[in-house]
Amino acid sequence: MTAATTTPAGLSTASPLRVTQARVMLSEWTKFRSLRSTVITLAVAIVIAIVISLVFALVMGSNYAAMSPADKHSFNAASTSLNGDLFAQLAFGVLGVLIMTSEYSTGMIRATLTAVPRRLPVLWAKIAVFTLCVGATALITNLVSFYAGQAVLSGHDLQVSLTSPGTMRIIGGATLYMTAVGIMGIALGALVRSTAGGISCLVGLLFVIPPVLDLLPESWTTYFGKYLPADAGQASWVFHSGPGLIDRLSPWTGFGVMCLWVIGLVVIAGIQLLRRDA
Amino acid sequence: MIEVDGLTKNYGDKTAVDGISFAVEPGIVTGFLGPNGAGKSTTMRIIAGLDAPTHGIVRVNGKSYRDSRAPMAELGIMLEAKAVHTGRSARSHLLALAQTNGVPAKRVSEVIDMVGLAEVAAKRVGGFSLGMGQRLGVAAALLGDPRTVVLDEPVNGLDPEGVLWIRHLLKALADEGRTVFISSHLMSEMALTAQHLIIVGRGRLIADTTVEGFIAQASGTVTRVSSPQADALSAQLSAANVTVAHLDAETLEVTGLTAREIGIIAWEEHVPVVELSTKRVSLEDAFMELTSDAVDYRSSAGTTTAPAGAR
């Protein structure tokens, strides 16, 4: 590419240019960091996660003494200090949706897919960059929430340490869950192509379908409910008090089921990306 | 080189492109003309691999664009101005595109300078004027130093200086041996910019001609002649490739002979001539006539039995 402006390119067929997966990932990283909206959404997600987690730790800590024995039994200090993630997951999911739909709403997708006409590398690169950036952010956020929460809970002698049994799994599980929700957002965004539609689908899948399912006969609920992406994915890190606890999948089976949802959505998104006109 | 062969594109039951075939040669600027809705943008999207053809094949530099290993070196395309995330700076936008194909960052600065956006490269694209957006689109198209350049309405929104700039740029690109294919709905602009014309209307190919040929055809072939002995003159002018139309008792319109030839024949045959003039048609009028014909033809011929577009 020396003196590129004057190269009689029309006459030469050899070009040093190539599309590679690594290059498309670098491009997606540039896109990710050069948008104010991505950075703001990520910052909002971090703040929500930490602040609400702290509120949970404060409330649960001061209420602990008055809890029933069953509630005390199911209380988990590590999980409690990460409960803000249950709210922040929406922000992570929205970020995933936006990464895809902002390209469609602005027309950028046509420039992107013209540069990478095989298309699929773009989807893989978006998922990879998101997983690395958002996964790392979620992990750091969860560690901050954890330590802040334990500091609050230590006032009631309820704190656990990072090396306490199950703690690492809970922090890791929450981090993986948040990342998986974001990837689901990317897949839904690629399928629906509109920001409003993508967010609606995400909210429906995470927050609307579970309570709707509760309206069905109880045998259905107990059988299907635990396989929904949110319920399955939360099995590794959320501790509910009450009968709900019994119906949970085991932690990693649950996360595995959530991964199947994510993989299924990503595969459909990939097929549609190849088949549909951009 | 772009080859379009029997291209048809349906969106639902609406036919946007209806069996068109043409080739765009390297080394010259080829204009793609047609009224709005003629199928120009659809054809360009298919060339770029964004839309899949319903029937037919499109090749860029002899290959299917979707299979190219170095797409940005094969084809640089601007489909519409501001196909850009408005929240990103011009430089970040170009850098992200460049990185997909391994175009070095140095080249990003080069194209920014080339299109005259150096001063605003760090600004968010959302604040760009239409003309600046066009320049950014051209910059993106040139990033990979492509062998084929396709620009949809590149003159749109440019000020007179910008129009001049794009004309020189397109000519320079063609002179370097590249294939240059630009669309417009303005015949007058294309007459100044392009050497070859592909004219479409309602998704069908209407003409595939040189600009010179189009101008000659549009303005030079019809001659009006008036004579008190119009019938006698008409008989004398008759020949295999000459058509004579009687406008009124004294006036004829002749196609296939120049005014000079008619004048000489009239003198030789002792027929008085009181008016002899070449009918001047503006390029825009000729273009309108051509495309409105296509519309009439299409609506009267129906859609299922109409023959494939002329070559």
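The values are calculated or read from the model by the stated rules, or taken from the named source; none is laboratory data. Since the model is a prediction, treat every value here as computed from it, not as a measurement. Using ideal geometry, Cβ is built from the backbone for each residue, glycine included, and neighbour counts are taken over all protein chains shown.
Of note:
- Residue in region B:1-17 that is of a type in the set (Lys, Arg), at pLDDT 95 or above and crowded, with 18+ Cβ neighbours inside 10 Å present: yes
- Some residue of region B:180-187 being of a type in the set (Phe, Trp, Tyr) and under 15 Å from the mean Cα position of the chain (by Cα): yes
- Taken as a whole, region B:78-87 holds at least one residue that is of a type in the set (D, E, K, R), facing chain A (nearest Cβ under 7 Å) and touching a residue at least 60 places away in the same chain (Cβ under 8 Å).
- Screening residue B:81 with (1) farther than 16 Å from residue B:169 by Cβ; (2) outside any helix (DSSP H, G or I); (3) modelled with pLDDT under 95 gives one miss only, at (1).
- Extreme residue, farthest from the other protein chains (Cβ to nearest Cβ), among residues of region B:176-201 that are closer than 15 Å to residue B:41 by Cα and crowded, with 21+ Cβ neighbours inside 10 Å: B:199
- Residue B:74 touching a residue at least 24 places away in the same chain (Cβ under 8 Å), touching an Asp or Glu at 6+ places or on another chain (Cβ under 7 Å) and within 22 Å of residue B:180 (Cβ to Cβ): no
- Among the residues of region B:88-127, those that are closer than 18 Å to residue B:169 by Cα and at the interface with chain A (Cβ under 10 Å from one of its Cβ atoms) comprise B:107, B:110, B:111, B:113, B:114.
- Evaluation of residue A:101 against the conditions (1) more than 14 Å from chain B (Cβ to nearest Cβ); (2) farther than 17 Å from residue A:25 by Cα; (3) surrounded by 24 or more Cβ atoms within 10 Å (Cβ to Cβ) shows that the sole unmet condition is (1).
- Helices (runs of 4 or more DSSP H) completely within region A:16-97 that count 3 or more residues being modelled with pLDDT of 95 or more and within 14 Å of another protein chain (Cβ to nearest Cβ): A:21-33
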